[in-house]
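Reviewing the structure listed below.
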Amino acid sequence: MAIEHHDYDVLVLGSGGSGLRAAIAAADAGAKTGLVCKSLLGKAHTVMAEGGLAASLGNVAPEDNWSTHFQDTMFGGKYLNNWRMAELHAREAPDRARELERWGAVFDRTPDRKMSQRAFGGHTYKRLVHIGDRTGLELIRTMQDKTVHSNVDIFMETTITRLLKDGERVVGAFGYKRPSGEQVTFSAKALVVATGGGGRIYKITSNSQDCTGDGYALAYEAGAEMVDMEFIQFHPTGMVFPPGVAGLLVTEAVRGEGGILRNNLGERFMEKYDPKRMELSTRDVVARSIYTEVKEGRGTPHGGAYLDVSHLDSDYVRRKLPSMYDQFMELAGVDITKEPMQVGPTCHYFMGGIKVDAENGETRVPGLFATGEASGGMNGANRLGGNSLGDLLVFGRRAGEGAAGVAAKVENVSIPQDEIAAAQAEVELFLNGPGTENPFQMHKELQTIMGDGAGIFRDKEGLTEAIDKLESLEGRVGNLKSPTNRIDYNPGWQLCREVKNMLTVSLMIARGALMREESRGGHSRLDFTAYSDYWGEHNIVTHNAGDKDMVLTPTPVAKREELAELVEARKESEKAS
Amino acid sequence: MSETMAAGGTRNLQIWRGDLTSGQLVDYQLETEPGMVVLDAVLEIQRSQEPDLAVRWNCKAAKCGSCSAEINGKPRLMCKTRLDHLPADQPITVEPMRAFPLIRDLVTDVSWNYRVNEQITPFTPRDDLPEGDYLIDQADTDRMSEFRKCIECFMCQDVCHVLRDSRLHNKYYGPRFMVRMASLDMHPLDGVNRLDQIADEGGIGLCNITKCCTEVCPEGIHITDNAIIPMKERVVDAHDPVMKIFKRGSGEAGRKKPPPRSADPEL
């Protein structure tokens, strides 16, 4: 049976911020561009970004500049960042912010009518361009409208289950349309993975249900390298109650606007952990501090810390944090202008990801590009708040242009029939195969394993056990089967491939975490609590050496001679303080 | 803190199951937890009882607008509606939005909205802007921001009787896109004269201000009062021959006609 087919120069997977920006750039560069997304347009996880977009415009703090932003990013990332990516991000974020405004984005203003900027953890100056606490929605909506007027074909609610290769080259993708179950193939001279992160491998997460690490798994299977997958950002402040919303994000802007953290003794405990930066310390530090307070018996009734803005003017709180006010009022029955919130760490962001060329997002696989949270390197061991929105704009544009550039040099691509047949066989097996494993059940098991063994604090024993359990899941994943075999909007079918993806990603994380014998940024080992000089110079690069053979290789950090002075200066000044 | 939050207990849900050809409300019993929202209940039923129950959702944080449904007959976000805020002595009904074609169960085909949006000329800066940073007042930002809070749940479209009952999808863009037009029209640096589109293809005249849309907006946008009524007034002024003489061009100075648009988006 013939299946629906489309040809593109550039095919972008994912319609969050990085995917939209890549699609706009590719179309601008003259490429015939397609955009595929698992959900409806405008619903991607970027809509949930709240605090802002870090860019050294200097509108509020005129002394700000790209080199300080670069230094802050490197310090936040504990110097494991790809230096060139951190540099490009810091240099180009201001132009990307201005560009959004020229596309119609509306941000809060300074008294002299320029884009306003707010303070955020780890940023030396007030740097985050924002609109209330819904900056991500503004980005998505602005770029969504730009995209639909940029001659980009959009395929909504279409799930990609495999990248298709011709020899070494990625030449397209296979998937199905969720509402009808109809299969579809795309050929692409260049393909951009912009599928975001994989927070759904944890039960407590701020991530949308779409964040199942699809792009990591697809690119890994296609031969791309991953970098530093062990670094997971647990955002310090997620809701802890009621149970149904546990993990839901409480924006860092609450602390940026003056929110105070206390334990059940009323102590402002950040004085113990980071007296200099207090509540606006980097996210890894604040998350571990809250976790420690709770573990040592100083937590709130629902197992978190108190986060209080009730000392601030109540009108100001409602104007600056409107969606936080609504969220607590509606879901928890708490008026944040009068009483404290209860918050605890929640899985928020993957610093690691597909290893790419800083300049254009190219992976080591010909024809394959990656950007945004799906790619790794920019954020090192820990991401600063506000740097993800900058990241997806700066590198989304670069990947879109990069892909268009490569596509222009490729004459024609053709998809081998056996690639399509293999992809069809896989989705067919999930639907009508002999398997007996329930994907909903296996997803729960996976989340428990990751939460128990590879969560915010890790050790050799727990990680080894987690890896054993994950490997036993790996033996069962081939038996995944949707509980029903209908093809129209079948959530179980959808989850089968997602669980497979999440399992692959979980193995990368747990194995990387076991290998990295130190504590750094978003990776904390109870049995190796200090920084290691060796690991401070090495990323962990993971690739697929064939059938279930995952190879992890310590690889020296990609440095740049001309930036060494800036990095050393920052290291010195940190030592001095 | 909300220690008093009502405990769970068993609840009865009636969920609409079916497709375009047929369907009915089906009863489900569920053991609930404190603080549970309707989406939690629907997903638990999907996980444990009805694995092929079709439901669209994403963020579960009232930020993406995917999980719109009619709960006890009223459009609401499933992720933002707590079970313990609904009457305990009667079943909770969950049905798909009615203004759009059904795909299956709780999922509807909302693609018409995307086709409408494509018809709207995007923000286009005025020709006469000086070089350098855009300068905009916070007051203008606040005014536009109300409209830009929209999460595109399309519940205002669902409840608008012009669309829901009269099915005039090819004559009226609906409240969501009146809000979008308002956010563009009120942008101080936008260079497009949008009044003709608002009046003609947009069909603003079909709205007779029943404010149903405003009542269901999960973002609390004053759709009727702040978006539709002011635009209706400006459309009337622009088309009034007397007003034209006295107020010619007021507010539209420096704004140009938009480029031609394609056909009416059909449902």
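The values are calculated or read from the model by the stated rules, or taken from the named source; none is laboratory data. Nothing here was measured: the structure is a model prediction, and the numbers come from that model. Backbone-built Cβ (ideal geometry, glycine too); neighbour counts: all protein chains shown.
Checking A:Glu87, A:Glu50 one by one, the residue that is touching a Leu at 6+ places or on another chain (Cβ under 7 Å) and in a loop (DSSP other than H, G, I, E, B) is A:Glu50 and no other.
Here is a yes/no grid of residues against (1) buried (at least 20 other Cβ atoms within 10 Å of the Cβ); (2) of a type in the set (Gly, Ala, Ser); (3) on the phi < 0 side of the Ramachandran plot:
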site: A:Ala105; (1), (2), (3): yes, yes, yes
site: A:Arg109; (1), (2), (3): yes, no, yes
site: A:Thr124; (1), (2), (3): no, no, yes
site: A:Leu164; (1), (2), (3): yes, no, yes
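Restricting attention to the range B:100-111, the residues being out of contact with any Pro (no Cβ under 6 Å at 6 or more places or on another chain) and either crowded, with 21+ Cβ neighbours inside 10 Å or within 7 Å of chain A (Cβ to nearest Cβ) (or both) number 5.
Within the range A:149-156, is there a residue that is within 14 Å of another protein chain (Cβ to nearest Cβ), among the hydroxyl-bearing types (Ser, Thr, Tyr), in a loop (DSSP other than H, G, I, E, B) and touching a residue at least 60 places away in the same chain (Cβ under 8 Å)? So far as the range A:149-156 goes, yes, one or more of its residues are within 14 Å of another protein chain (Cβ to nearest Cβ), among the hydroxyl-bearing types (Ser, Thr, Tyr), in a loop (DSSP other than H, G, I, E, B) and touching a residue at least 60 places away in the same chain (Cβ under 8 Å). For A:Ile456, the conditions (1) over 28 Å from A:Ile3 (Cβ atoms); (2) at pLDDT 95 or above all hold with the exception of (2).
The residues in the range B:79-93 that are farther than 17 Å from B:Gly8 by Cα and touching a helix residue (DSSP H, G or I) at 6+ places or on another chain (Cβ under 7 Å) can be counted, and the count is 0. Note on the range A:81-116: residues that are more than 12 Å from chain B (Cβ to nearest Cβ) and more than 23 Å from the chain's Cα centre (by Cα) total 0.
Against the definition (within 9 Å of chain A (Cβ to nearest Cβ), touching a strand residue (DSSP E or B) at 6+ places or on another chain (Cβ under 7 Å) and part of a loop (DSSP other than H, G, I, E, B)), how does B:Ile136 come out, yes or no?
yes
With respect to A:Leu128, determine if the residue is under 30 Å from A:Ala423 (Cα atoms) and crowded, with 22+ Cβ neighbours inside 10 Å. Against the criterion (under 30 Å from A:Ala423 (Cα atoms) and crowded, with 22+ Cβ neighbours inside 10 Å), A:Leu128 does not qualify.
Taking A:Gly181, is it surrounded by fewer than 21 Cβ atoms within 10 Å (Cβ to Cβ), modelled with pLDDT of 95 or more and within 12 Å of another protein chain (Cβ to nearest Cβ)? Judged against the criteria, A:Gly181 is a match. Within the range A:436-454, the only residue that satisfies the criterion of being over 14 Å from A:Met502 (Cβ atoms), away from every other protein chain (no Cβ under 14 Å) and either surrounded by 18 or more Cβ atoms within 10 Å (Cβ to Cβ) or touching a strand residue (DSSP E or B) at 6+ places or on another chain (Cβ under 9 Å) (or both) is A:Gly453. Counting only residues that are over 21 Å from B:Ser166 (Cα atoms) and in contact (Cβ under 8 Å) with a residue 24 or more places away in the chain, the range B:71-85 holds 10 of them. Output the number of residues of the range A:316-358 satisfying the condition of being in a helix (DSSP H, G or I) and within 13 Å of chain B (Cβ to nearest Cβ). Number satisfying all stated conditions: 14.
Inside the range A:131-148, residues that are part of a loop (DSSP other than H, G, I, E, B) and in contact with an Asp or Glu (Cβ under 6 Å, 6 or more places away or on another chain) make up a count of 2.
Pairing each residue of the range A:320-333 that is buried (at least 20 other Cβ atoms within 10 Å of the Cβ) with any residue that is among the aromatic types (Phe, Trp, Tyr), provided the two are 6+ apart or on different chains, yields C-beta distances under 8 Å for A:Ala332/A:Phe241. Does B:Thr93 satisfy the condition of being part of a strand (DSSP E or B) and modelled with pLDDT under 95? Considered against the rule, which asks whether it is part of a strand (DSSP E or B) and modelled with pLDDT under 95, B:Thr93 comes out as no. Only a single criterion out of (1) touching a Lys or Arg at 6+ places or on another chain (Cβ under 7 Å); (2) more than 11 Å from chain B (Cβ to nearest Cβ); (3) not hydrophobic (A, V, I, L, M, F, W, C) is not satisfied by A:Glu138, namely (2).
Whether any residue in the range A:518-541 is under 20 Å from A:Gln233 (Cβ atoms), touching a His at 6+ places or on another chain (Cβ under 8 Å) and not β-branched (Val, Ile, Thr) is what I want to check. The answer is no, given that none of the residues of the range A:518-541 is under 20 Å from A:Gln233 (Cβ atoms), touching a His at 6+ places or on another chain (Cβ under 8 Å) and not β-branched (Val, Ile, Thr).
Do we have any residue at all in the range A:474-489 that's under 22 Å from the mean Cα position of the chain (by Cα) and away from chain B (no Cβ under 14 Å)? Within the range A:474-489, none of the residues are under 22 Å from the mean Cα position of the chain (by Cα) and away from chain B (no Cβ under 14 Å).
Residue by residue, here is whether (1) out of contact with any strand residue (DSSP E or B) (no Cβ under 8 Å at 6 or more places or on another chain); (2) small (Gly, Ala, Ser); (3) in contact (Cβ under 8 Å) with a residue 24 or more places away in the chain holds:
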site	(1), (2), (3)
B:Val159	no, no, yes
B:Gly174	yes, yes, yes
B:Arg194	yes, no, yes
B:Gly203	yes, yes, yes
B:Ala227	yes, yes, yes
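Among the residues of the range A:286-315, the ones that are outside any helix (DSSP H, G or I) and more than 14 Å from chain B (Cβ to nearest Cβ) come to 7 in all. Every condition in (1) in contact with a strand residue (DSSP E or B) (Cβ under 8 Å, 6 or more places away or on another chain); (2) away from every other protein chain (no Cβ under 14 Å) is met by A:Gly167 except one, and the failing one is (1).
Residue check: is A:Gly462 touching a residue at least 24 places away in the same chain (Cβ under 8 Å) and not aliphatic (A, V, I, L, M)? For A:Gly462, the condition - touching a residue at least 24 places away in the same chain (Cβ under 8 Å) and not aliphatic (A, V, I, L, M) - is not met.
Tell me, which residue of the range A:476-525 that is polar (S, T, N, Q) and assigned to a helix (DSSP H, G or I) is nearest to A:Lys38 (Cα to Cα)? Write out each step before concluding.
Taking the range A:476-525 first, the residues polar (S, T, N, Q) are A:479, A:482, A:484-485, A:490, A:494, A:501, A:504, A:506, A:519, A:524.
Right, trim to assigned to a helix (DSSP H, G or I) and you get A:479, A:494, A:501, A:504, A:506.
Details: A:Asn479: 24, A:Gln494: 10, A:Asn501: 14, A:Thr504: 19, A:Ser506: 21 Å.
If we take residues in the range A:476-525 being polar (S, T, N, Q) and assigned to a helix (DSSP H, G or I), then A:Gln494 is nearest to A:Lys38 (Cα to Cα).
Within the range B:56-99, the set of residues being of a type in the set (D, E, K, R) and facing chain A (nearest Cβ under 10 Å) comprises B:Arg56, B:Lys60, B:Lys63, B:Lys80, B:Arg82, B:Asp84. Quick check: is even one residue across the range A:193-206 under 14 Å from the mean Cα position of the chain (by Cα), modelled with pLDDT under 95, in a loop (DSSP other than H, G, I, E, B) and buried (at least 24 other Cβ atoms within 10 Å of the Cβ)? Yes.
Quick check on the range A:509-537: of everything there that is within 18 Å of A:Asn81 (Cβ to Cβ) and without any contact (Cβ under 8 Å) to a residue 60 or more places away in the chain, which residue is surrounded by the most Cβ atoms within 10 Å (Cβ to Cβ)? Within the range A:509-537, the match that is surrounded by the most Cβ atoms within 10 Å (Cβ to Cβ) is A:Ser519.
Might you check whether a residue that is within 14 Å of chain B (Cβ to nearest Cβ), touching a helix residue (DSSP H, G or I) at 6+ places or on another chain (Cβ under 8 Å) and closer than 25 Å to A:Glu561 by Cβ occurs anywhere in the range A:58-79? No, the range A:58-79 contains no residue that is within 14 Å of chain B (Cβ to nearest Cβ), touching a helix residue (DSSP H, G or I) at 6+ places or on another chain (Cβ under 8 Å) and closer than 25 Å to A:Glu561 by Cβ.
Within the range A:247-276, the residues that satisfy the criterion of being touching a Gly at 6+ places or on another chain (Cβ under 9 Å) and either part of a strand (DSSP E or B) or within 14 Å of chain B (Cβ to nearest Cβ) (or both) are A:Gly247, A:Leu248, A:Leu249, A:Val250, A:Thr251, A:Asn264.
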